[in-house]
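Okay, structure first, notes after.
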Amino acid sequence: MPASAAYRTALDALGEFLRDSAGRERPVLQQKPLAALAAEMDLERLIADGGLGDGAFRHFLDAYLGAATRLYHPGYMGHQVTIPHEMGTVAALIDAVTNNPMAIYEMGPSAATVEFTVINWMLRKAGWRPAPPPGGAGGGEPCGGGVLTHGGSLANLTALMAARARVAPDAWREGTPRDLVICAPEASHYSIARAADIFGLGRKALKAVPCDGDGRIVPGELAPFLAKLRADGHRVLAVVANACATAAGLYDRLRDIAEVCREAGVWLHVDGAHGASALVSARERHKLDGLELADSLVWDAHKMLRCPSLCAAVLVREARWLDSAFHDDASYLFHDKEQPGVDLIHRTVECTKAALGLKLFMVLAAGGEAEAGRFVERQTDLAREAAAWLRARPDFEVAAEPESNIVCCRVAGSDALQLRIRERLIAAGSHYISTAEFRARRWLRLVLMNPATEMRDIESFAAEVRRHRDAAGTAP
Ligand SMILES: *Cc1c(COP(=O)(O)O)cnc(C)c1O
């Protein structure tokens, strides 16, 4: 099948997929058993015999898209996964076709230039000095630096590698010193705990920072906490703050935390995978006030900046720490060469890497920063309106006033009841939500990622929840 015909078939099928998802006609999610789906898509026969030509291709696509989770459905409120901006999806196609794995400049000069430029844009948003172009005037104050990676989890690991390079410069050769600990709120994303495992420190090296009932770091208790760790013979690899935390979307108070970390000479890493996009809104950026005093930031463009998965940025205030995070030597890649651009390979876990920056660039270039900012504001406003509306229903409780696009609510009854309601709700197919633990209870969690979701979808969600609650019984 010629590429042009395959594109046309795919575009036709995707067009229908988008239309009937947005029209609320098909279920958001329908989980058929794996074996039945494999048979429906005829996977094994196609692998063995080939023949994904004209008719078979369309047949396969219909089966595949028919069983896909429909993020474009306004009832999609499940996870922090974006509903991609159309220009981001076009960028993903351009990246697939050109396939320039641009970790070294010569394998994708245009892709590397785009990444260099979007990283500098992000550094400026964070309040840090952008990197000068290669050959440009260095010197003076240290510059920021960054790199795009395949996801926030890898980005968190990479940022903590940079922190390790500062506190233990020989760790790349000698191994991670056993006295290092990572300090993070219990509400941190699990990738922080995994980083402790990956460093070989184990989970015992993850120290829970004192937090309030909402899971936010209490800045006033941080200094004595760090002093106690030091007295007990530990060295702090980094303090991690959330901007915002995954479960309920609440932000830590960065300025107060950063001041304590500076005083103690400790690296402050800000996990802004979800919430750093507030930096693009003049109205919302105050939530990250004080970020400029931190040492590193993770910012996923594939969450609130509407890039298709994946595009995650690791940003550091001083580029040299990221540059010394990995000391590697692959003679065919790393050698002195005269070149007009930059190699990014020494900053990443990955070797081959997608042209991630193109997606972010094309989304931003479509509507400019203003459109990106308006999207963040619209979703935040919707979350606040949804929380106020739910709070006004006597049978709903809301966990916290939303600070992002995440709303946690529940009906009277046990944690098990909330889980049963969610199960029934997603089986019915009109809404897709997640749940989260917060304040030691389980909540129904709405993550309002979809620009097409409206208050009527929140109202129909509440009606569905009542229906399933009554059907599931109110006990125990
Ligand atoms: C989503 C998220 C992550 C993980 O990012 P991925 O891109 O899914 O790997 C890390 N931290 C926070 C706070 C997040 O919200």
Filter pass, Cys261 being within 16 Å of the ligand (Cβ to nearest atom), in contact (Cβ under 8 Å) with a residue 12 or more places away in the chain, surrounded by 20 or more Cβ atoms within 10 Å (Cβ to Cβ) and not basic (Lys, Arg): no
Residue match in the range 254-269 (condition: in a loop (DSSP other than H, G, I, E, B) and within 21 Å of the chain's Cα centre (by Cα)): no
Selection status of Ala10, farther than 21 Å from Gly429 by Cα, aliphatic (A, V, I, L, M) and part of a helix (DSSP H, G or I): yes
Ser153 closer than 22 Å to Gln80 by Cα, open to solvent by 40 Å² or more (accessible area, probe 1.4 Å), modelled with pLDDT of 95 or more and out of contact with any Cys (no Cβ under 8 Å at 6 or more places or on another chain): yes
Elements of type helices (runs of 4 or more DSSP H) contained in the range 140-229, each with 3 or more residues being within 16 Å of the ligand (Cβ to nearest atom): 152-167, 190-198
Pairs, first without any contact (Cβ under 8 Å) to a residue 24 or more places away in the chain and more than 16 Å from Glu115 (Cα to Cα) in the range 141-156, second open to solvent by 10 Å² or more (accessible area, probe 1.4 Å) and within 12 Å of the ligand (Cβ to nearest atom), C-beta under 8 Å, six or more apart: none
Residue among Ala365, Ala386, Ala325, Ala370 that is surrounded by 24 or more Cβ atoms within 10 Å (Cβ to Cβ), not β-branched (Val, Ile, Thr) and not in a loop (DSSP other than H, G, I, E, B): Ala386
Conditions (1) open to solvent by less than 60 Å² (accessible area, probe 1.4 Å); (2) free of Cβ contacts under 8 Å to residues at least 60 places away in the same chain; (3) aromatic (Phe, Trp, Tyr): number failed by Tyr76: (2)
Flag if Val236 is over 11 Å from the mean Cα position of the chain (by Cα), open to solvent by 10 Å² or more (accessible area, probe 1.4 Å), in contact (Cβ under 8 Å) with a residue 60 or more places away in the chain and under 23 Å from Met362 (Cβ atoms): no
The range 264-281: number of residues that are more than 16 Å from the ligand (Cβ to nearest atom), over 21 Å from Lys303 (Cα atoms) and in contact (Cβ under 8 Å) with a residue 12 or more places away in the chain: 3
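Where residues in the range 79-103 are in a loop (DSSP other than H, G, I, E, B) and open to solvent by 10 Å² or more (accessible area, probe 1.4 Å), which of them is farthest from Val147 (Cα to Cα)?
Selected residue: His79.
The values are calculated or read from the model by the stated rules, or taken from the named source; none is laboratory data. Owing to the predicted nature of the structure, the values given are computational and were not obtained by experimental measurement. Please note: Cβ atoms are built from the backbone with ideal geometry, for glycine as well, and neighbour counts cover all protein chains shown. Quick note on the areas: whole protein, heavy atoms, side chains included, nothing else; ligands and nucleic acids left out. Shrake-Rupley method; radii C 1.70, N 1.55, O 1.52, S 1.80 Å.
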